[in-house]
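Colleague: Below you will find the structure I want to go over with you.
Only the coordinates and a few stated rules stand behind these numbers; no lab work does. The structure presented is a predicted model; accordingly, all values stated were derived computationally and were not measured.
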Amino acid sequence: MKKILFSLLLVSTFFTIENVSAEPAPLLVKWKLRGGDVWTGYLYGREDDWIILKRPQDEKPVRVGASTIKELTFKISVDLDNVRKLAEEERYTDLIALLKKKLGRLNDFADLPTNLAPYNRYLMEAYYHVGEYNKTLMIASRFARKSDDLELREKSRVFQILSLVSLDKLFRAQALVGEYGWSDFPEDKMPAEKLYILARLKELEKKYTEAMLYTAKVIAFHSQEIEWMQPAELLAAELYVKLKKYDSAEEVCNEIELLYKNTPEYAKAVKLKFKIKELRGQ
């Protein structure tokens, strides 16, 4: 009899929480259930696959199965246009600090359908550009398969694989390239980001000449896409170093210093020139 009662409690969507800590403070949220009901109330926290909420008619908070939630809408005190501007200006450290401060506990629920996705897209990219690849991977993996936003899903797949490459996880990166069907994409129609990723994969395989071919295609056919031109030019310089073509590497570094001041590629190009001098024994 006790087992039957316990099973009934597990399958019910809502059940009362007798004791909820007063800390941390509950979050104001609107939530939509897959059945169509929409409520505005407070979110107290989560316990595994349960979200603790309080509806207007509830005397006490209740547990809602995470799988029953269609969307959570939070009040976010940061302007998305400001976030976008920081990204465009490549002020990634400032962007990360802002979103960590403003989103805070909200990101505990970012694996669920929420209005946090646009902010997490910029946070994902910012983490990648400052070299925090595990944090990039954590966010990217969250949206790479489940997001209903096709643009966000594709962007997340790009940064998911780039993070794996940067973490030297070649086989996992190659597996995802195959899983996502990128291997079957005609190279002459392949977008800049996929060509760049293939170049990075070849670099990781130590196939530097093949990597240079993909890099050259980014530079030759996607010169207007600065987001990928900058890293492609830096990769070209790094590949020239590995191919021991130091004059060519230095020439590309000089071009990066001229064109991309105050960017991560600029700083890396300066360091690479010092490395070239050391390799030449100067």
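Colleague: Determine the relative contact order of the stretch 78-180: mean sequence separation of Cα pairs under 8 Å and six or more apart, normalised by residue count, in whole percent. Mind dumping the intermediate values first?
Modeller: Working: 93 pairs, mean separation 20.3, N = 103.
Relative CO of the stretch 78-180 lands at 20 percent.
Colleague: Please determine, in degrees from 0 to 90 and to the nearest 10, the orientation of helix 226-242 with respect to the longest principal axis defined by the Cα atoms of the chain, where the helix direction is its Cα long axis.
Modeller: Helix 226-242 sits roughly 50 degrees off the main axis of the chain.
Colleague: Sticking with this one: Quick one: pull the percentage of alpha-carbon pairs in the stretch 78-180 with a separation above 20 Å.
Modeller: On the way: 1910 of 5253 pairs.
More than 20 Å apart: 36 percent of the Cα pairs in the stretch 78-180.
Colleague: Quick one: what do you get for the stretch 185-282 if you divide its Cα Rg by 2.2 N^0.38 Å?
Modeller: 1.05
Colleague: For the chain, what ratio Rg/Rh do Cα atoms give with a Kirkwood hydrodynamic radius?
Modeller: Details: Rg = 23.7 Å, Rh = 21.7 Å.
Checking Rg against Rh, the ratio lands at 1.09.
Colleague: Oh, and also: Starting from 0.36 nm per residue, how many nanometres of slack lie between Asp48 and Glu179 once their C-alpha separation is accounted for? Can you show the working numbers first?
Modeller: Details: separation 131, 0.36 × 131 = 47.16 nm, distance 2.88 nm.
Once the chain is fully extended between Asp48 and Glu179, it gains 44.3 nm.
Colleague: Once the Cα atoms of helix 246-259 and of the chain are each reduced to a long axis, what angle between those two axes, in degrees from 0 to 90 to the nearest 10, is obtained?
Modeller: 60
Colleague: Within the set Lys75/Lys169; Lys155/Lys275; Lys54/Lys146; Lys217/Lys242; Lys32/Lys189; Lys102/Lys217, which residue pairs have Cα atoms separated by over 30 Å?
Modeller: Working: Lys75/Lys169 38 Å; Lys155/Lys275 33 Å; Lys54/Lys146 27 Å; Lys217/Lys242 19 Å; Lys32/Lys189 40 Å; Lys102/Lys217 40 Å.
Over 30 Å Cα-Cα: Lys75/Lys169; Lys155/Lys275; Lys32/Lys189; Lys102/Lys217.
Colleague: Here's a follow-up. Counting each DSSP H run of 4 or more residues in the chain as -39500 (n - 2.57), what helix-only mean residue ellipticity at 222 nm follows after dividing by all residues, to the nearest 500 deg cm²/dmol? Provide the component values of the computation, followed by the final result.
Modeller: Working: 12 runs with 158 residues, N = 282.
It comes out at -18000 deg cm²/dmol, rounded to the nearest 500.
Colleague: On to the next question. In degrees, nearest 10, range 0 to 90: what is the angle between the Cα axis of helix 192-204 and the longest Cα principal axis of the chain?
Modeller: The answer is roughly 70 degrees.
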